[in-house]
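Presented below is the structure to which this report refers.
The values are calculated or read from the model by the stated rules, or taken from the named source; none is laboratory data. Fair warning: this is a prediction, and the values are worked out from it, not measured in the lab. Using ideal geometry, Cβ is built from the backbone for each residue, glycine included, and neighbour counts are taken over all protein chains shown.
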């Protein structure tokens, strides 16, 4: 496989060199000075207009033109995700190539978001630039972020530690919410499905004078009908009753200084388990059920100081309470995180400097051994203040080269000093070719019971062999963007190669003993590497396509062993496809989906279930019709190919392992296991929705 990776890397570099050579003359002729602009006519002027790009903030913390950013940033608008309507960010993000929402439990359908093969805890989720979603909330907080809040989502794949903290080892997903000053006066979206999944999004804007506007949004999702189409007596999809209320205030200030404040409340009641379960069985050993109550409050905002210099303060606070039972195992957890960051944005000639200070304090307590003191009996909640400082210099060397140097220093009383350097270089010989290289380090403290759902569910015993040390990594990412003129339009090609080396990594061992999950420091090293490519094009007739493919090689290699161990739930090949055709009379058809190659799964010794999943695709189609009055009607089908995993649960008829030692009926000593699932159990289903927007 190493040969395959080297082969793909050579191909990528060959494309870079060949395309730069072939198009250098043509592209250079289109780099115009002011005296030439007036003489440009015909198709070239139309092509030139299409090079205007968006403004991004995630890669460098400040607004910057996407083409000038030395960090590769992908932008996805709300309209992009509306091509396959979903009730939450967790499901919608699957449309992004290289980003995989991974189901980690076949019973309660918990999940996290993988970027380029790295597990969910390595992905930093931001809301308006603030680290709102972390640790405890990575499990259930993601499904509580409705799509109705989104203005756009920015994705950075690769290291971003110098700006966002050392835990941003795999990448950053920044969910940017709507601006109350520019949001519609009223927005309503109601959707239901043939599985009785009912979703309501309602938002309204009101103003207090000319300079203050507030956006009030309500999301309600209810799925309470039980399905058991595979006849294992367990719900095929977790029941959910969820409400989210969001209120954001934006202020118009002199000299366009920033000021906003937002609040969000989330409540969710989630259940998955045996079909006959009801709340009287919660926590009992009679009928198996996983029942999770989530209460969550978030507050975040930004304020630019009223001084001549650009000094900006960002702040956030979140409170997350989880009251849950996994069968008869209780898990009660409380997390409170306060964060404040102030930075100074200063330009000196060709240098664009950012200097900042951060403070983060986390309170965490639960009923697991993770919060016990050294004596093993006294409860000792984690109270972790972390101080940080960072500096970044974006140096525009000339019109073709931009260099970014960054450094972050964090300190806490347990791990003391943490250093996170960052390097980025952008080379753009002309508007049609851009090459970016990023390098950084990663440092992450594992919060086992908050991040790894497998440690809580099912019947496997959790074994922690030693004191878990922080994870450490070095990361590199090479990105190449090629804008190919095609008549008066443009083909956009975006290719990346990435490599991460872990000197320590905490991974659950499901293989050594069938009834245990063994966690230990990595005695060896881990590798996550691969390549991806995206292509999009809009034809002269009303058809647009967006295609993406990702190749991954993610594994660990232990000291003294010749064989490498492939990471669980990391398919070698995956991809996305998105085709849209607009008919007359404002009728649009969207065909979207993802495909996944075989991925390694956690199996038991002598397991009758295959160790690798089959190739599968989750496809969707939507037909929508918009009206001048502001109404839109849409309908479609999800999971067109009707794919569901086979036998996701081991011994569903004995979830408490009462008969696991029966030598006649269970000679292989199989145990109840929920970790094998790799795709949703929901079969093909239809949906219907109505939107109304009053601007």
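Tabulated data for the structure shown
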{"quantity": "Count of the range 321-349 residues which are touching a strand residue (DSSP E or B) at 6+ places or on another chain (Cβ under 8 Å) and more than 30 Å from residue 406 (Cβ to Cβ)", "calculated": "12"}
{"quantity": "Residue match in the range 416-423 (condition: closer than 21 Å to residue 348 by Cα and either touching a strand residue (DSSP E or B) at 6+ places or on another chain (Cβ under 6 Å) or part of a strand (DSSP E or B) (or both))", "calculated": "yes"}
{"quantity": "Where residue 249 falls short, out of the listed (1) farther than 30 Å from residue 359 by Cβ; (2) in contact with a strand residue (DSSP E or B) (Cβ under 7 Å, 6 or more places away or on another chain)", "calculated": "(1)"}
{"quantity": "Subset of the range 645-658 (residues that are surrounded by fewer than 18 Cβ atoms within 10 Å (Cβ to Cβ) and closer than 21 Å to residue 617 by Cβ)", "calculated": "646, 647"}
{"quantity": "Count of the range 525-563 residues which are more than 25 Å from the chain's Cα centre (by Cα), in contact (Cβ under 8 Å) with a residue 12 or more places away in the chain and either in a loop (DSSP other than H, G, I, E, B) or within 18 Å of residue 478 (Cα to Cα) (or both)", "calculated": "5"}
{"quantity": "Residue among 79, 83 that alone is more than 10 Å from the chain's Cα centre (by Cα), surrounded by fewer than 24 Cβ atoms within 10 Å (Cβ to Cβ), assigned to a loop (DSSP other than H, G, I, E, B) and at pLDDT 85 or above", "calculated": "83"}
{"quantity": "Scan of the range 97-121 for residues that are in contact with a helix residue (DSSP H, G or I) (Cβ under 9 Å, 6 or more places away or on another chain) and in a loop (DSSP other than H, G, I, E, B), ordered by number", "calculated": "104, 105, 108, 109, 110, 119"}
{"quantity": "Residues that are farther than 30 Å from residue 371 by Cα and under 27 Å from the mean Cα position of the chain (by Cα), drawn from the range 294-313", "calculated": "301, 302, 303, 312, 313"}
{"quantity": "Residue that is farthest from the chain's Cα centre (by Cα), among those in the range 257-293 that are part of a loop (DSSP other than H, G, I, E, B) and closer than 23 Å to residue 227 by Cβ", "calculated": "286"}
{"quantity": "Members of the range 377-410 that are outside any strand (DSSP E or B) and crowded, with 16+ Cβ neighbours inside 10 Å", "calculated": "none"}
{"quantity": "Tally, over the range 294-309, of residues that are over 16 Å from residue 128 (Cβ atoms) and buried (at least 17 other Cβ atoms within 10 Å of the Cβ)", "calculated": "2"}
{"quantity": "Number of positions in the range 294-308 that are farther than 19 Å from residue 358 by Cβ, outside any strand (DSSP E or B) and in contact with a strand residue (DSSP E or B) (Cβ under 9 Å, 6 or more places away or on another chain)", "calculated": "0"}
{"quantity": "Residue in the range 484-498 that is on the phi < 0 side of the Ramachandran plot and modelled with pLDDT under 85 present", "calculated": "yes"}
{"quantity": "Flag for residue 231 being at positive phi, more than 23 Å from the chain's Cα centre (by Cα) and assigned to a loop (DSSP other than H, G, I, E, B)", "calculated": "yes"}
{"quantity": "Residue match in the range 683-694 (condition: over 26 Å from residue 289 (Cβ atoms) and buried (at least 21 other Cβ atoms within 10 Å of the Cβ))", "calculated": "yes"}
{"quantity": "Test: residue in the range 653-661 that is modelled with pLDDT under 90, part of a loop (DSSP other than H, G, I, E, B) and in contact with a strand residue (DSSP E or B) (Cβ under 9 Å, 6 or more places away or on another chain)", "calculated": "no"}
{"quantity": "Looking only at the range 606-618, and only at residues there that are touching a residue at least 40 places away in the same chain (Cβ under 8 Å) and part of a strand (DSSP E or B), the one that is nearest to residue 93 (Cα to Cα)", "calculated": "618"}
{"quantity": "Selection within the range 662-687 - within 30 Å of residue 92 (Cα to Cα) and part of a loop (DSSP other than H, G, I, E, B)", "calculated": "674, 675, 676, 677, 678, 679, 680, 681, 682, 683, 684"}
{"quantity": "Single residue of 633, 690, 589, 603 found to be without any contact (Cβ under 8 Å) to a residue 40 or more places away in the chain and over 21 Å from residue 90 (Cβ atoms)", "calculated": "589"}
{"quantity": "Residue match in the range 325-344 (condition: part of a strand (DSSP E or B), at pLDDT 90 or above and in contact with a helix residue (DSSP H, G or I) (Cβ under 6 Å, 6 or more places away or on another chain))", "calculated": "no"}
{"quantity": "The range 93-104 residues that are at positive phi, paired with ones that are assigned to a loop (DSSP other than H, G, I, E, B) and surrounded by 24 or more Cβ atoms within 10 Å (Cβ to Cβ) (beta carbon under 8 Å, 6 or more apart)", "calculated": "98/116"}
